[in-house]
Each structure stands twice: as C-alpha cells, then as structure tokens.
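**Student:** Just dropping this structure here.
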Amino acid sequence: MPMSHAFKERLFPVLPSITSHYGTPFHIYDETGIRQTGAAVKTAFAGIERFREYYAVKALPNPRILSIMGEMGFGFDCSSIAELRLSRQVGGRDEDIMYTSNNTSLEEFLEAAGDGGAILNLDDISLLSKVPVLPELICFRYNPGERRTGNDIIGTPSEAKYGVSHEQIVEAYRQAKELGAKRFGIHTMLASNELNYQYMVQTAAMLLDLIAEITTELAITFEFINIGGGLGIPYKPGIAALDLSAMGREITALFKAFRRAHGYEPALYMESGRFMTGPHGVLVTTAINRKEIYRTYVGVDASMSSLMRPGIYGAYHHIDVLGKEGHEDSETVDVVGSLCENNDKFAIQRTLPKIADGDILIIQDTGAHGSAMGFNYNGNLRPKELLLGANGKVELIRRAELVEDYFATLSFTPDVLSL
Ligand SMILES: *Cc1c(COP(=O)(O)O)cnc(C)c1O
C-alpha cells in the first residue's frame, strides 16, 4: 500500500480547502501518521534495554518535522554542517546527534565537535588522526565487503565507498583505544529501501558477532550497535510492507542471546529515514495542460525539481486524482513537469482516471527523499511544505522558493583575480 487509507481519509476531504488557501504545488506531511510510525518502531524494540532511532535528517530536513522526532525521543543522524545546525536548532545536544559522514572535511569535524558535540561515526581509520580532538566515545562505520551471514551474502558492499573494511576493523578500534577513546560503538548501513526485514536482522547479527570478536581481541565492550537505515516502504500497490514486529522480535531475541553469552547487551540504534516519514507525505499538484501527440501527456504545475526520484531512479510513485479515485473512465498517460529534460515525468504510461485541466493530482510517498532532493535546474523553484497537524490544522512549514532566492547567489562583492 502506498499512502495509507487513514491518511487519505484525513487529507482528501479537506484538500480543496487547502489547495484554494495555499495554491499548488506543495508537499504535505501527516503528523498523525509520522507519530504512529514512531510509536510502532518504539513498540517493536521495547524488549531491548536501550533502543533509539536517530532520524536520518537528509530524508526530510524540516525543523518542524525534526521537532516531532525530538518529541518522540529520537535523535538525529546528520551528514553535513547544515544538517547538524538543523538538529541543534530543534534542541539536539551531544549524543542526540550521530554524525555519519564520508570523505569528511575538517570543517565538518569542527562543527560536529563544536557547540554541543555529537557522536562521531568515523568512516575510515585515517580520520582518527584528523579529528581535531578525539572524543571519548568513538564509533566506526563498518563495511563488511563480501562477508556472509548464514547462507546469505549481504549485498555487494565491497563496491561501496563507505566504511572501514573487515580487515581493518579490529585495528581501527585498537588505534582508537591507544589514542585514548574510552567508549565504543559500531555502525553499518547495508540496505536501501529493503522490504525484507530479515536483511536487518542479519545486519544486527553480523554486528553482534563482530563486537564479540573485537571484545575478545581488545578487551573493550560496546555501548551500542547502529544498524543504519534502509528499511523499505511499499511504493507500489499490492506489495507487502516490511514486517516491523517480526524484525523487532528477531533482533530482540539476538540481543537476549548476546546477553546470555556476554553478560551485557549494547544499545540498539537505528537511523531510518524513509520508513519514518516516506509514506506520510504527498506532493499535491494541479493539471494545467494536456497534450496529445504520439502519447497523451498530462502537464502539472510541479516538476522534477520537487521530486526527482522518478526521474533519476525510474522510481514508481502512486498517483490519485482527487474526486476521481476508482473512476471507470481511464486512460494511459505520461504525467510531466515543465523542465527541458525528458526525464521530467512523474509517471510513464500510467493508467489513470481521465484528467482535465484543474484536476488535483496526489503524488504519493514523498515524505522522504522527496522535497529534500529538490534542485533548481532550469530555474525551477522548489515548492512549499505543509504539515497536516494532529490537531486538525494545516501549517506552512517551508515557504515556496522565490525567484529572489534563485538570484541570491548572484548578489556578491566583485572579486576578480588578475593573472
Ligand atoms: C541515507 C542514510 C540513512 C537513511 O536511509 P533511509 O533509506 O532513508 O532509511 C541512514 N544512515 C545513513 C548513514 C544514510 O546515509
């Protein structure tokens, strides 16, 4: 199921009032749904002594949404200076923030270590000597290469640019310990939009095995394992959702077994983005043109600058036409934006109810990696973001970009270098 039935029931009846007040296009997020998913995640891992979700800020970097995450007790996973500032702006302090980056610059380390601190998740051994001040708590991002757990190969992480290799991982902690680190955590992120929960269970099992091995070698214990994000959502109708309860049950059992064998259990951290907010957002846009050439094109007032997943990944996003759900009179169309780029299509050869100019289209599952991936190519501007509050009110949580914003970087003091 894409967008839930409950979200539809909350949104569709009031959508005409919202579109006439705010105009289209906009992304709108469902606070009730976000809180329900947050509660479900906490319930799934309630059997683990210390569990914490660090919301992947890049998925939906809006302070209002991040505040909701903070209210639910979640931390923030950041990978840039702007994301750190956003997280601190909503009250994230010290170990509320996990700084996971790759190819990290000194500026980023300074910002992460600065005002308030953050858990540093180091992507390479060489960074140990580049961190301005080595914190007491050190975490490494682990890349298992072609390692197997049980009978399964966990993807092909050997081709990924992230993390410390299997051969280097013990040495990484040895060096951190020698340099004075006192507390340790470990992180990995091996999945993306994965609907098979067992993949996450295998990841947890792999990390628990690994920390036991490192403990044997170096006599250090681990405060946490972080299994990353990557939990999937069903973008297409008819696809089963990830079984969160089973994932929670099986990972909890692994933690209890670890406790029996080692006398303690680490905390479990997760840094899910898509799963937390993806299904709880939609892009609302108006049909403004219709064109019949070799195919029928429905032109809408949003473009891929508001949602680039279909354009870059060929991703499917389900579309409803307001007031025409389940209409008999359907046709096959491409739904397109206005960019001079043939990838600027929200749907290709999709069967939809017959659309007329002025119809409202609801492009679904844009609550993660949607607005956040927006861009300005072709001078297109990013749309506003709204929140459908749990109190039944609608709130503007980001204004639309203006032409003035586009021109802002063209306003500067002249700086010419004569050579
Ligand atoms: C992107 C990312 C996430 C979130 O991924 P989702 O697929 O949205 O769950 C978490 N951690 C890291 C390090 C990431 O790069």
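**Student:** If you take the residues of the range 268-288 that are small (G, A, S) and near the ligand (Cβ under 9 Å from one of its atoms), which of them is farthest from the chain's Cα centre (by Cα)?
**Tutor:** G278
**Student:** Would you check which residues across the range 370-399 are without any contact (Cβ under 8 Å) to a residue 24 or more places away in the chain and not basic (K, R) and list them?
**Tutor:** Within the range 370-399, N391, G392 qualify.
**Student:** Still on this structure: In the range 43-57, which residues are open to solvent by less than 50 Å² (accessible area, probe 1.4 Å) and either of a type in the set (S, T, N, Q) or not in a helix (DSSP H, G or I) (or both)?
**Tutor:** F45, G47, I48, F51, E53, Y54, Y55, A56
**Student:** Then there is this: Taking the stated definitions as given, is A40 open to solvent by 30 Å² or more (accessible area, probe 1.4 Å), within 16 Å of the ligand (Cβ to nearest atom), under 23 Å from L388 (Cα atoms) and among the small types (G, A, S)?
**Tutor:** yes
**Student:** Restricting attention to the range 208-233, and to residues there that are touching a Lys or Arg at 6+ places or on another chain (Cβ under 8 Å) and in a strand (DSSP E or B), which single residue is surrounded by the most Cβ atoms within 10 Å (Cβ to Cβ)?
**Tutor:** Restricting to residues being touching a Lys or Arg at 6+ places or on another chain (Cβ under 8 Å) and in a strand (DSSP E or B), the top hit is L231.
**Student:** Right, something else. Restricting the search to the range 223-240, which residues are more than 20 Å from P2 (Cβ to Cβ) and within 16 Å of the ligand (Cβ to nearest atom)?
**Tutor:** Matches in the range 223-240: F224, I225, N226, I227, G228.
**Student:** Restricting the search to the range 202-222, which residues are more than 16 Å from the ligand (Cβ to nearest atom) and either within 30 Å of S4 (Cα to Cα) or in contact with a Leu (Cβ under 7 Å, 6 or more places away or on another chain) (or both)?
**Tutor:** Q202, A205, L208
**Student:** Name the residues in the range 182-200 that are more than 9 Å from the ligand (Cβ to nearest atom), in contact with a strand residue (DSSP E or B) (Cβ under 9 Å, 6 or more places away or on another chain), over 15 Å from N143 (Cβ atoms) and not hydroxyl-bearing (S, T, Y), would you?
**Tutor:** K182, R183, F184, G185, L195, Q198, M200
**Student:** Give K236, K256, K177 a once-over and let me know the one that is among the basic types (K, R) and outside any helix (DSSP H, G or I).
**Tutor:** Residue meeting the stated conditions: K236.
**Student:** Quick check, is D334 touching a residue at least 40 places away in the same chain (Cβ under 8 Å) and either surrounded by fewer than 19 Cβ atoms within 10 Å (Cβ to Cβ) or closer than 12 Å to G311 by Cα (or both)?
**Tutor:** It is false that D334 is touching a residue at least 40 places away in the same chain (Cβ under 8 Å) and either surrounded by fewer than 19 Cβ atoms within 10 Å (Cβ to Cβ) or closer than 12 Å to G311 by Cα (or both).
**Student:** Within the range 112-128, take every residue that is small (G, A, S) and modelled with pLDDT of 90 or more and give me the one that is surrounded by the most Cβ atoms within 10 Å (Cβ to Cβ).
**Tutor:** Applying the filter and picking the extreme gives A118.
**Student:** Quick test of your reading of the structure: V298 fulfils all but one of (1) within 21 Å of the chain's Cα centre (by Cα); (2) in a strand (DSSP E or B). Name the failing condition by number.
**Tutor:** That leaves (1) as the condition not met.
**Student:** Taking the range 81-111, which residues are over 22 Å from G33 (Cβ atoms), open to solvent by 30 Å² or more (accessible area, probe 1.4 Å) and not in a helix (DSSP H, G or I)?
**Tutor:** Passing the criteria: G91, R93, N102, N103, S105.
**Student:** Within the range 181-190, is there a residue that is open to solvent by 10 Å² or more (accessible area, probe 1.4 Å), outside the structural domain of A368 (by TED's automatic domain parsing) and at pLDDT below 95?
**Tutor:** yes
**Student:** Right, here's the next one. Go through the range 58-80 and give me each residue that's open to solvent by 30 Å² or more (accessible area, probe 1.4 Å) and either among the basic types (K, R) or under 24 Å from I225 (Cα atoms) (or both).
**Tutor:** The answer is K58, R64, G70, E71, G73, S79, S80.
**Student:** Here's a follow-up. Which one is nearest to the ligand (Cβ to nearest atom) among residues in the range 337-371 that are of a type in the set (D, E) and closer than 20 Å to F12 by Cα?
**Tutor:** D365
The values are calculated or read from the model by the stated rules, or taken from the named source; none is laboratory data. Predicted model, so just to flag it, every value in this text is computed and none were measured. Backbone-built Cβ (ideal geometry, glycine too); neighbour counts: all protein chains shown. To get the accessible areas, we keep the full protein, side chains included, count just its heavy atoms, and leave off ligands, DNA and RNA. Shrake-Rupley method; radii C 1.70, N 1.55, O 1.52, S 1.80 Å.
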